[in-house]
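Student: Take this structure first; my questions come after.
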Amino acid sequence: MSVLSKIVAATMLMGLSAGMASAEDTSWLPSPLPKPISEITIGFSNLGSGVNSYVATYLDSFNAYAKELGVKTVVLDAQVDPAKQSDQVRDLIAQKVDVMVVWPVNAKAIVPALRRAHDAGIPVVVTNSQADASADPYFSSFSGPDNYVQAQAAAEMMVKALGGKGNIVIIGGLPGYTVAQLREKGFLDTIAKYPDIKILDNQPADWSRSKAQSVMENFIVRFGDKIDGVYSADSDMGVGALSAVKAAVAEKKIPEGHVKFTDCTLFSAAYDEIKAGNYYGSVLQSPVVDAQSAIRAAILVAEGQKVDKNLYFKSPSITQKNIDQFERPTF
């Protein structure tokens with residue numbers, strides 16, 4: 001790991017417990033600066049600001065931190081449309097930005113656009129969701145969470161919650177989206193080590209709390225009290241599923257406290273449910289740290305500095321036992 005990459009990683013870790021990185025700390029910057037930050041323009045193709053509160057908070061943090069640092073930005077919203085995102089990358093190339101940050105809508109669909117940016121001599125930092133492996137030659141660094149490891153942690157929490165035995169349903173994210181794929185694979189690979197835990201079904205809810213509630217209502221109709229655990233790709237969907245379970249408990253279809261919940265990415269609503277004892281556990285991931293990390297990586301790349309190919313930040317597991325050690329998420 002390069003010295004600068006260690007600085008970035010350390011800063012991300014320091015900021016995690018407080019929910020944000022230290023914006024005032026500039027120890028990660030090279031000295032002297034090869035190019036004034038005020039002369040750098042970062043082009044950003046965002047996943048889609050309306051996806052959920054995590055993405056909205058990330059975008060707000062990205063804009064605020066860029067303003068604080070004095071770096072120029074061109075921020076575009078892909079609206080979860082791979083074709084639109086491809087056009088946006090083409091537009092950012094035409095605007096001759098110094099560096100791009102791209103949050104891929106689709107891991108494979110983004111590859112030709114990343115290749116175009118590379119061929120145009122514009123370095124790219126991929127943020128939050130990884131691109132397909134075929135894109136590796138075309139971007140400088142990935143900055144974000146290790147989604148596979150997060151899913152493994154959520155699986156281990158589920159194993160503890162169920163005592164190593166039971167039936168699980170899975171509520172996934174957006175199909176074709178790398179984060180959703182990794183969070184499914186990491187969970188399934190880990191659960192496969194426990195033969196007494198069975199997967200009843202696995203359905204996507206597209207990162208939507210309301211869709212997750214509908215998916216869970218359907219699971220309850222089909223499986224009833226055979227469901228012992230629910231794993232969701234994030235806790236926004238998990239809370240939607242919990243709402244369906246609470247309704248089923250009120251109707252005496254499922255015993256109270258019977259269904260255990262784990263997920264990746266702790267939202268504020270799930271934080272409250274964990275404290276109340278209604279939700280077993282989640283994984284802490286800060287959109288503020290996520291956004292600030294991407295900007296720092298982009299600036300370092302634009303300054304010609306060496307950064308690691310993968311800049312992962314830490315994501316601790318959160319249960320009722322340790323939740324008081326962490327601040328409530330802001331999203």
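The values are calculated or read from the model by the stated rules, or taken from the named source; none is laboratory data. From a predicted model like this one, the values you see are computed outputs, not experimental measurements. FYI the Cβ positions are ideal-geometry reconstructions off the backbone, even for glycines, and counts take in every protein chain you see.
Student: Among the residues of the stretch 182-203, are any buried (at least 23 other Cβ atoms within 10 Å of the Cβ), in contact (Cβ under 8 Å) with a residue 60 or more places away in the chain and in contact with a helix residue (DSSP H, G or I) (Cβ under 9 Å, 6 or more places away or on another chain)?
Tutor: Within the stretch 182-203, the first condition is being buried (at least 23 other Cβ atoms within 10 Å of the Cβ), and the residues that meet it are 182-183, 187, 191.
Pick out the ones that are also in contact (Cβ under 8 Å) with a residue 60 or more places away in the chain and you get 183.
Now drop any that are not in contact with a helix residue (DSSP H, G or I) (Cβ under 9 Å, 6 or more places away or on another chain), which leaves 183.
Within the stretch 182-203, one or more residues are buried (at least 23 other Cβ atoms within 10 Å of the Cβ), in contact (Cβ under 8 Å) with a residue 60 or more places away in the chain and in contact with a helix residue (DSSP H, G or I) (Cβ under 9 Å, 6 or more places away or on another chain).
Student: Answer yes or no as to whether A117 is of a type in the set (A, V, I, L, M), outside any loop (DSSP other than H, G, I, E, B), within 28 Å of R222 (Cβ to Cβ) and over 22 Å from the mean Cα position of the chain (by Cα). Working first, answer last.
Tutor: On the way: of a type in the set (A, V, I, L, M): yes; outside any loop (DSSP other than H, G, I, E, B): yes; within 28 Å of R222 (Cβ to Cβ): no; over 22 Å from the mean Cα position of the chain (by Cα): yes.
Here the answer is no, as A117 does not meet what is asked.
Student: In the stretch 88-114, how many are assigned to a loop (DSSP other than H, G, I, E, B) and surrounded by fewer than 17 Cβ atoms within 10 Å (Cβ to Cβ)?
Tutor: If we filter the stretch 88-114 for residues that are assigned to a loop (DSSP other than H, G, I, E, B), which is where we start, we get 95-98, 103-110.
Checking which are surrounded by fewer than 17 Cβ atoms within 10 Å (Cβ to Cβ) leaves us with 95-96, 108.
Counting residues in the stretch 88-114 that are assigned to a loop (DSSP other than H, G, I, E, B) and surrounded by fewer than 17 Cβ atoms within 10 Å (Cβ to Cβ) gives 3.
Student: Is there any pair with a first residue in the stretch 225-236 that is surrounded by fewer than 24 Cβ atoms within 10 Å (Cβ to Cβ) and a second that is among the charged types (D, E, K, R) and outside any loop (DSSP other than H, G, I, E, B) whose Cβ atoms are under 7 Å apart and which are 6 or more apart or on different chains, and what are they?
Tutor: Between residues of the stretch 225-236 that are surrounded by fewer than 24 Cβ atoms within 10 Å (Cβ to Cβ) and residues that are among the charged types (D, E, K, R) and outside any loop (DSSP other than H, G, I, E, B), the close pairs are D228/K260.
Student: Can you tell me which residue among K260, K309 is more than 26 Å from T73 (Cβ to Cβ) and among the basic types (K, R)?
Tutor: K260
Student: Let me ask something else about it. So, in the stretch 224-261, how many residues would count as being within 27 Å of the chain's Cα centre (by Cα), over 23 Å from P145 (Cα atoms) and part of a loop (DSSP other than H, G, I, E, B)?
Tutor: Going through the stretch 224-261 one residue at a time, the tally reaches 3.
Student: Right, next: Please find, within the stretch 288-331, the residue that is surrounded by the fewest Cβ atoms within 10 Å (Cβ to Cβ) out of those that are part of a helix (DSSP H, G or I) and either at pLDDT below 95 or among the β-branched types (V, I, T) (or both). It would help to see each step written out before you state the result.
Tutor: Going through the stretch 288-331, the residues part of a helix (DSSP H, G or I) turn out to be 288-302, 323-325.
Going one step further and asking which of them are either at pLDDT below 95 or among the β-branched types (V, I, T) (or both), we end up with 288-289, 295, 299, 301, 323.
Working: V288: 24, V289: 28, I295: 26, I299: 24, V301: 23, I323: 18.
In this case the residue turns out to be I323.
Student: Hey, does the stretch 15-27 have a residue that's within 23 Å of S129 (Cα to Cα), part of a helix (DSSP H, G or I), in the same structural domain as A107 (by TED's automatic domain parsing) and modelled with pLDDT under 95?
Tutor: Yes, that holds for at least one residue.
Student: Just to be sure I understand, how many residues within the stretch 65-84 are touching a residue at least 24 places away in the same chain (Cβ under 8 Å) and either within 22 Å of Q292 (Cβ to Cβ) or over 24 Å from the mean Cα position of the chain (by Cα) (or both)?
Tutor: 13
Student: What is the one condition in (1) surrounded by fewer than 16 Cβ atoms within 10 Å (Cβ to Cβ); (2) assigned to a helix (DSSP H, G or I); (3) not polar (S, T, N, Q) that Y65 does not satisfy?
Tutor: Exception for Y65: condition (1).
Student: Further, regarding this structure: Going residue by residue through the stretch 180-200, is there one that turns out to be under 23 Å from K252 (Cβ atoms) and either out of contact with any Cys (no Cβ under 8 Å at 6 or more places or on another chain) or basic (K, R) (or both)?
Tutor: Taking every residue of the stretch 180-200 in turn, at least one turns out to be under 23 Å from K252 (Cβ atoms) and either out of contact with any Cys (no Cβ under 8 Å at 6 or more places or on another chain) or basic (K, R) (or both).
Student: Test of understanding: among Q150, Q213, which residue is in contact with a helix residue (DSSP H, G or I) (Cβ under 6 Å, 6 or more places away or on another chain) and buried (at least 19 other Cβ atoms within 10 Å of the Cβ)?
Tutor: Values: Q150 fails: in contact with a helix residue (DSSP H, G or I) (Cβ under 6 Å, 6 or more places away or on another chain).
Answer to the selection: Q213.
Student: All but one of (1) within 19 Å of L162 (Cα to Cα); (2) in contact with a Gly (Cβ under 7 Å, 6 or more places away or on another chain); (3) surrounded by fewer than 21 Cβ atoms within 10 Å (Cβ to Cβ) hold for A276, so report the exception by its number.
Tutor: A276 satisfies all of (1) within 19 Å of L162 (Cα to Cα); (2) in contact with a Gly (Cβ under 7 Å, 6 or more places away or on another chain); (3) surrounded by fewer than 21 Cβ atoms within 10 Å (Cβ to Cβ) except (2).
Student: Collect the residues in the stretch 158-205 that are assigned to a strand (DSSP E or B) and of a type in the set (V, I, T), keeping them in residue-number order. Break it down stepwise before answering.
Tutor: Step one: filter the stretch 158-205 for residues assigned to a strand (DSSP E or B), giving 166-172, 197-204.
I168, V169, I170, I171, I197, I199 - these are the residues of the stretch 158-205 that are assigned to a strand (DSSP E or B) and of a type in the set (V, I, T).
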